[in-house]
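Each remark here refers to the structure printed beneath this line.
The values are calculated or read from the model by the stated rules, or taken from the named source; none is laboratory data. Here the structure is a predicted model, which means the values were calculated and not measured. Counting neighbours? That spans all protein chains shown, and the Cβs are built from the backbone with ideal geometry, glycine included. The protein model used for the area step is the full one, side chains on, heavy atoms only, and it has no ligands, DNA or RNA in it. Shrake-Rupley method; radii C 1.70, N 1.55, O 1.52, S 1.80 Å.
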Amino acid sequence: MFAFLARRTLEFLVVIFGVLTIVFVLQRFSGDPTNLLLPVDAPQEVRTELRHQLGLDRPLPEQYLRFIGRVAVGDLGDSYRFRQPALGLVLERLPATLLLASASLLISLVLALPLGTLAAVYRNTWIDSLATGISLLGQAMPVYWLGLLGILLFSVQWRLLPSMGGGSFAALVLPATTLAVYSAARIMRLTRAAVLDVLHQDFIRLARAKGLGEGKVLVKHALRNASIPIVTIIGLQFGGLLGGAVITETVFAWPGVGRLAVNAVQQRDFPVVQAVTVVIALAFSLINLAVDVLYARLNPRIRLG
Amino acid sequence: MSWILRRLDAKGILGFAILAVVVLCAVAAPWLSPLDPNAQDLASAIAPPAFGGGTAEHWLGTDRLGQDVLSRIIYGSRVSLVTALAAVAGSALVGTVLGMIAGYFGGFAATVVMRLVDIVLAVPFILLALVFMTVFGPSLLNVIIAFIAARWTQYTRIAYGLVLELREREFIQACVAAGLTTTDILLRHVLVNLAGPLLVVATLELGFVILIESGLSFLGLGTPPEVPSWGGMLQEGRALINVAWWLTTFPGLAIMLTVVGFNFIGDWMRDQFDPRTGSVRPTEIGSRD
């Protein structure tokens, strides 16, 4: 177990390092930040002085090392627009995004796991067709469009739910449900396939042959084994939810990192976009690390180390 | 061609039918659309669709500038299809080459390529696209480049795994023994065996690209406003959501139908290549995540 953890942690560090390197390279492409920081008519001396302050006059390898060193102590640069540390801006809004993504994951699990299992158990019946149909549409609908339709029906037409803002439970319902649909569709599809796969195995036949009730066969044997691929995809889906949150937050004016990032792109505020990217990549990689460990615990066939 | 026709099931037929309609719209837009998509008619701005109290002149209503919604949806198919084809062709090329190199040569090449895959996959695609747009500015070309820069990983993962297996098979060993050059082996003997699964991935990716591209246009990061695109139409519709439901409803339906079409074709192709339908493998082909 220790060797496995060590190897996965090393891989995790390589990935984070790689993300930082890509961000650094793109940052060099993003043009001279002094153009954005200074007025157009700023004298050349001021410009040179600022470039010196920012370390832009140093050789690239040195700039790279300094960048990594700054990131290591949590300094991801200052926002051009807000004139304050970008990391702080992101961390301020991170809880709202995590709340949205977690609520969505919860909703999609509550929908997808029972529906997917039912679809597999009652294969080729109307339940299966219904579940498969919902899953097909769910994967083909743009998240933000679903959000707009939700606003149209629940906020404009029936005036049941608020269409924007954060802070209250009612404000969470629409964005979380909207965001949940795509991952619910994916998880349902996979759950159905995984349960079907397991139901055809010999050990299920054996469990039935020794006289176990259908319910027990399903819960104790089938679902337990089907859970392995499902856990993996849930981890991946959480990353997708963090990404999908970017658009959903914009539709519903949800005060999270996604909206921060979109606004920053429009103002070409690179440090903020950079901070969002690094923080989300970090969160996503940590979740994947956790999923791998969980996966190894669930599946006794995986040799650790 | 007859081989395909004989094997079509309901999903396949529906998928190809939808695709045919979308392609027809894109190719024959000037003849199919009832009006000029950019013709402004402020006198009949925000007119409801014909069946919702409007006139037969604008079947699906008009937007803020009096532009015909139906015509703009027909023209909008062009942006979606062109982006999807360019992005998928580019990323499939890059991803397949890298995956084949990594799988066939192994060692250092494999380590570098597969670590790079991990790194790219650690950032959700939308964010990666946002970083790209910040650096290079929002435009359709940059959207396509962003897709290629991120989505090659989908093909590399599949190609890598398959080549790793193929490399040990006897017919490849025989090619090596017969003295074929590595390029010949890779292009003539390895690639043909990858084509099926990669085609499935590419088809599903077409749907994915259309879905996400519309999202980027919706955020104002894709096409300029004067070029009609489904995502851009939804962005405009959002501002008028309180008064004009048709502006948000119809472009979204167009996106959904198109994506359903590509997913149907992808599913159908997967069934053709993998007779064990419904089975689950750790790297489910066409996994979007």
| message | Condition first: over 16 Å from residue A:123 (Cα atoms) and either within 18 Å of the chain's Cα centre (by Cα) or modelled with pLDDT of 85 or more (or both). Can you find one or more residues in segment A:186-196 that meet it? | response | yes
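What number of residues within segment A:1-55 satisfy the criterion of being of a type outside the set (A, V, I, L, M, F, W, C), within 27 Å of the chain's Cα centre (by Cα) and within 25 Å of residue B:149 (Cα to Cα)?
So the count comes out to 6.
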In segment B:237-253, residues that are open to solvent by 20 Å² or more (accessible area, probe 1.4 Å) and either part of a helix (DSSP H, G or I) or modelled with pLDDT of 90 or more (or both) total 6
Note on segment A:132-170: residues open to solvent by 20 Å² or more (accessible area, probe 1.4 Å) and closer than 30 Å to residue B:11 by Cα are A:132, A:133, A:134, A:136, A:137, A:141, A:143, A:146, A:149
*For segment B:125-140, state whether one or more residues are within 13 Å of another protein chain (Cβ to nearest Cβ), in contact with a Ser or Thr (Cβ under 9 Å, 6 or more places away or on another chain), among the hydroxyl-bearing types (Ser, Thr, Tyr) and surrounded by 20 or more Cβ atoms within 10 Å (Cβ to Cβ).*
yes
- Is it true that residue B:227 is crowded, with 21+ Cβ neighbours inside 10 Å, of a type in the set (A, V, I, L, M) and away from every other protein chain (no Cβ under 14 Å)? no
Taking segment A:246-266 and keeping only residues that are facing chain B (nearest Cβ under 8 Å) and among the polar types (S, T, N, Q), one is left with A:250, A:266
Restricting segment B:7-29 to residues that are modelled with pLDDT under 90 and outside any loop (DSSP other than H, G, I, E, B), the one farthest from residue B:262 (Cα to Cα) turns out to be B:29
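Going by what's in this entry, would residue B:193 be described as farther than 18 Å from residue B:102 by Cα, open to solvent by 20 Å² or more (accessible area, probe 1.4 Å) and in a helix (DSSP H, G or I)? Even if it seems obvious, please write down each step before you answer.
Details: farther than 18 Å from residue B:102 by Cα: no; open to solvent by 20 Å² or more (accessible area, probe 1.4 Å): yes; in a helix (DSSP H, G or I): yes.
Criteria not met by residue B:193.
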- Within segment A:179-200, is there a residue that is of a type in the set (S, T, N, Q) and either facing another protein chain (nearest Cβ under 8 Å) or closer than 30 Å to residue B:235 by Cα (or both)? yes
With the condition kept exactly as written, say whether any residue in segment B:154-162 is loosely packed, with under 15 Cβ neighbours inside 10 Å, at negative phi and hydroxyl-bearing (Ser, Thr, Tyr).
no
When every residue in segment B:177-223 that is free of Cβ contacts under 8 Å to residues at least 12 places away in the same chain and either under 30 Å from residue B:39 (Cβ atoms) or β-branched (Val, Ile, Thr) (or both) is compared, the one nearest to the other protein chains (Cβ to nearest Cβ) is B:192
Note on residue A:76: of the conditions (1) farther than 30 Å from residue A:176 by Cβ; (2) in a loop (DSSP other than H, G, I, E, B), unmet is (1)
When every residue in segment A:86-104 that is farther than 30 Å from residue A:70 by Cβ and either touching a helix residue (DSSP H, G or I) at 6+ places or on another chain (Cβ under 7 Å) or not in a helix (DSSP H, G or I) (or both) is compared, the one most open to solvent (accessible area, probe 1.4 Å) is A:103
Selection from segment A:267-293 of residues under 23 Å from residue A:85 (Cα atoms), more than 7 Å from chain B (Cβ to nearest Cβ) and of a type in the set (S, T, N, Q) yields A:267, A:274
A careful count of residues in segment A:105-146 that are assigned to a helix (DSSP H, G or I) and either of a type in the set (D, E, K, R) or not assigned by TED's automatic domain parsing to the domain that holds residue A:240 (or both) gives 1
